[in-house]
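These notes concern the structure reproduced below.
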Amino acid sequence: MEPQLIIFDCDGVLVDSEVLAAQVESELLTQSGYPIEPEDIAERFAGLTWTDILLQVEKESGIPISASLIEESARQMDHKLRDELNVIEGAEQVIAALTYPKCIASNSISSSLKMMLEQSTLYDLFAPHIFSAREVGAQKPKPAPDVYLFAAKQFDVDPARCIVIEDSSHGVHAARAAGMRVIGFTGGAHTYPGHADKLTDAGAETVISRHRDLPAVIEAMSVWSEAV
């Protein structure tokens with residue numbers, strides 16, 4: 001079961017953007033009549049697109065959500081990502097040392113991915129294998145498995161020989177639906193009590209909170225075969 005491809009989510013795994021998104025989204029939703037804290041955004045909605053979050057909130061609450069929130073969120077996030085974004089500790093060093101083929105599969109649009117990753121060495125470590133779920137294949141975002149299946153196809157790899165690094169239950173569900181093995185990650189600033197359990201419940205085989213633990217876990221999974 002030696003893996004043939006390591007696939008990374010981006011937000012909350014490589015860069016600490018999920019906590020910034022939760023801040024922006026909670027403020028916009030609260031102003032729209034749906035009070036919610038950033039911590040609740042991170043726990044309930046991490047891994048979903050902002051459009052899907054708005055649709056779910058509108059369905060739950062019955063409060064009409066203005067389409068202008070999509071543009072306003074994008075505007076505020078652009079400023080935050082440029083001014084406040086941090087790379088998650090250890091990501092650059094560990095990924096640079098990985099000997100396996102690797103790529104990124106994210107719900108973020110490609111322009112945002114490029115901007116975030118170029119603030120470090122991460123862009124050059126992955127380019128050109130950086131895939132946006134909304135721009136490749138069937139253009140279905142996670143929790144649909146499409147972006148993961150697309151990534152495996154680009155490398156001509158059996159999904160069962162892929163290992164995915166994910167920080168959200170929605171992302172874990174997507175990877176498992178694609179027939180891939182998953183390592184959960186709780187090293188982002190948006191982590192919360194019960195985060196690891198939620199990832200395990202969604203299908204992650206194990207959970208790490210530090211990138212430096214990743215090589216040993218991949219090695220262990222190479223000799224530990226679990227039916228996917």
What is the one condition in (1) assigned to a helix (DSSP H, G or I); (2) at pLDDT below 95; (3) surrounded by fewer than 19 Cβ atoms within 10 Å (Cβ to Cβ) that Val94 does not satisfy? (2)
Take Ala152 and decide whether it is touching a residue at least 24 places away in the same chain (Cβ under 8 Å), small (Gly, Ala, Ser) and open to solvent by 10 Å² or more (accessible area, probe 1.4 Å). no
Out of Ala177, Ala160, Ala196, sole residue that is open to solvent by 10 Å² or more (accessible area, probe 1.4 Å), farther than 24 Å from Lys114 by Cα and under 15 Å from the mean Cα position of the chain (by Cα): Ala196
Close pairs (9 angstrom Cβ cut-off, 6 or more residues apart or separate chains): farther than 14 Å from Val15 by Cβ and basic (Lys, Arg) in the range 90-114, modelled with pLDDT of 95 or more and open to solvent by 20 Å² or more (accessible area, probe 1.4 Å) anywhere: Lys102/Leu125; Lys102/His129
Could you please let me know if Ala74 is at pLDDT below 90, small (Gly, Ala, Ser), in contact with a helix residue (DSSP H, G or I) (Cβ under 9 Å, 6 or more places away or on another chain) and closer than 22 Å to Gly194 by Cβ? no
Restricting the range 27-41 to residues that are in a helix (DSSP H, G or I) and open to solvent by 10 Å² or more (accessible area, probe 1.4 Å), the residue that is nearest to Gly187 (Cα to Cα): Glu39
Quick one: Glu43 ticks every box in (1) at pLDDT 90 or above; (2) in the same structural domain as Gln76 (by the TED database) bar one, so which box is it? (1)
Check Ser61, Ser66, Ser26, Ser108 and return the single one that is within 28 Å of Val182 (Cα to Cα) and among the polar types (S, T, N, Q). Ser108
I'd like to check something: does the range 69-83 contain any residue that is farther than 22 Å from Asp167 by Cα and aliphatic (A, V, I, L, M)? yes
Could you list, in sequence order, the residues of the range 172-199 that are touching a Ser or Thr at 6+ places or on another chain (Cβ under 8 Å) and over 18 Å from Gln4 (Cα atoms)? Gly184, Phe185, Thr186, Gly187, Thr191, His195, Ala196, Lys198, Leu199
Assess whether Leu117 counts as being open to solvent by less than 30 Å² (accessible area, probe 1.4 Å), aliphatic (A, V, I, L, M), within 14 Å of the chain's Cα centre (by Cα) and assigned by the TED database to the domain that holds Ala178. yes
Surrounded by fewer than 19 Cβ atoms within 10 Å (Cβ to Cβ), in contact (Cβ under 8 Å) with a residue 24 or more places away in the chain and not small (Gly, Ala, Ser): is that true of Val207 in this structure? no
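The values are calculated or read from the model by the stated rules, or taken from the named source; none is laboratory data. Since the structure is predicted, the reported quantities are computational estimates derived from the model, not experimental observations. Methodologically, a virtual Cβ is constructed for each residue, glycine included, from the backbone with ideal geometry; neighbour enumeration extends over all protein chains shown. The protein model used for the area step is the full one, side chains on, heavy atoms only, and it has no ligands, DNA or RNA in it. Shrake-Rupley method; radii C 1.70, N 1.55, O 1.52, S 1.80 Å.
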